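Enquirer: Here's a structure for you.
No value in this document is a laboratory result; all are computed from the given coordinates. This one's a predicted model, so the numbers in the text were calculated from it and none came from an experiment. Glycine gets a Cβ as well: all are built from the backbone with ideal geometry, and neighbour counts include every protein chain shown.
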Amino acid sequence: MDLFHGRWLAWIAYLLGTALAPHVSLPRPHAAASQPRRTDKTAWTLTWSDEFDQADGSLPDPKKWKLEVGGSGWGNHELEYYTNRALNASVRQGQLVIEARRENFRGRDRVERSFTSARLTTQGLFAQAYGKFAARIRIPSGQGMWPAFWLMGQDFAGSNWPECGEIDVMENIGREPSAVHGSMHGPGYSGKLDFTSTYKKPGGVKISDDFHEFAIEWEPGAVRFFVDDQQYAAFTPSQLPAGKKWVFDHPFFILLNLAVGGDWPGPPDGSTRFPKRMLVDYVRVYQASHGPEQ
């Protein structure tokens, strides 16, 4: 399946009760450093953030996040049931902890799963066009794990993907412990034609060994991808297939989730020890101090 990895299919299946088939994505070339970037940190003005500084054990701030609930497989044959319990998403010692657990769970929809986890979204609470979106995250390791930090067009309605647009700031699968993926999806450039690039930690160092900041810098006509302030990819309208439309000029909302299994990562195996935790130190959104560059 593509590096969107069926999540849009899941939303459609969840909203419309329709199961759709996933497909496989192949990387596209990218212009890693051809676009200018803002290197002066004072050029950014903070517009939204969550430092996760509320009381230990509390749920994520409901003024900032919604917890999505369901175990439909999310269009990608995922194995977890997303809950709204503090067991799966809570603030602990100044960090958001998204915890995937191996447990038998039956939801109110009568769907039964052998794993639980959490999926957070700012849909209906916060969205922004352009700027810098960053999160400092420590991802889990292990076969079958699938952490992600991503954005979806504010006009997403369950049936208008990919016209609404999607930006995957960071995705990782357990069998690639030294790599994360960044990608973008729009009409006519999803699946085998999506914008995709991969960041690999040199020397085989595991990304899960520490926290890293995953970010994009986004302006009209360019989206650049970073790990720890190192740019590794940039996508522009000039890279689109002929006749295709750039759909990244309107507000997007934020998602954080930790999936278990699915067509892309495959299921956990005997080496995967639960619980698994995705730790989020902060999520921060900025605008360019003098407005979006034209």
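Enquirer: Report the Cα centroid-to-centroid distance between the range 106-130 and the range 132-191 in angstrom, as an integer.
Expert: Result: 15 Å between the Cα centres.
Enquirer: Would the range 127-251 count as rounded, prolate or oblate if I go by the C-alpha gyration tensor, calling it rounded below 1.5 in a/c and otherwise prolate when a/b exceeds b/c, oblate otherwise?
Expert: prolate
Enquirer: Among SER117, ALA242, LEU79, flag the residue with its Cα farthest along the positive direction of the charge dipole of the range 7-288, charges on Cβ as +1 for Lys/Arg and -1 for Asp/Glu.
Expert: LEU79
Enquirer: Give the peptides 198-211, 155-168 in descending order of average Cβ contacts within 10 Å, highest first.
Expert: So the peptides 198-211, 155-168, ranked by packing, come out 155-168, 198-211.
Enquirer: How would you order 277-284, 78-85 from highest to lowest mean count of nearby Cβ atoms within 10 Å?
Expert: The peptides rank, most packed first, as 78-85, 277-284.
Enquirer: Shape of the range 7-288 from its Cα gyration tensor (a ≥ b ≥ c, root eigenvalues): rounded if a/c is under 1.5, otherwise prolate when a/b > b/c, or oblate?
Expert: rounded
Enquirer: When the dipole is taken about the Cα centre of the range 7-288, and only Lys, Arg (+1) and Asp, Glu (-1) are charged at their Cβ, what size is it in debye, to the nearest 20?
Expert: It works out to roughly 300 debye.
Enquirer: Take HIS250, HIS181 and order them by how many other Cβ atoms sit within 10 Å, fewest up front.
Expert: In increasing order of surrounding Cβ atoms, one gets HIS250, HIS181.
Enquirer: Another one. Let a ≥ b ≥ c be the square roots of the eigenvalues of the Cα gyration tensor of the range 242-294; is it rounded (a/c under 1.5), or, if not, prolate (a/b larger than b/c) or oblate?
Expert: Oblate shape, in that a/c is at least 1.5 and b/c is the bigger or equal ratio.
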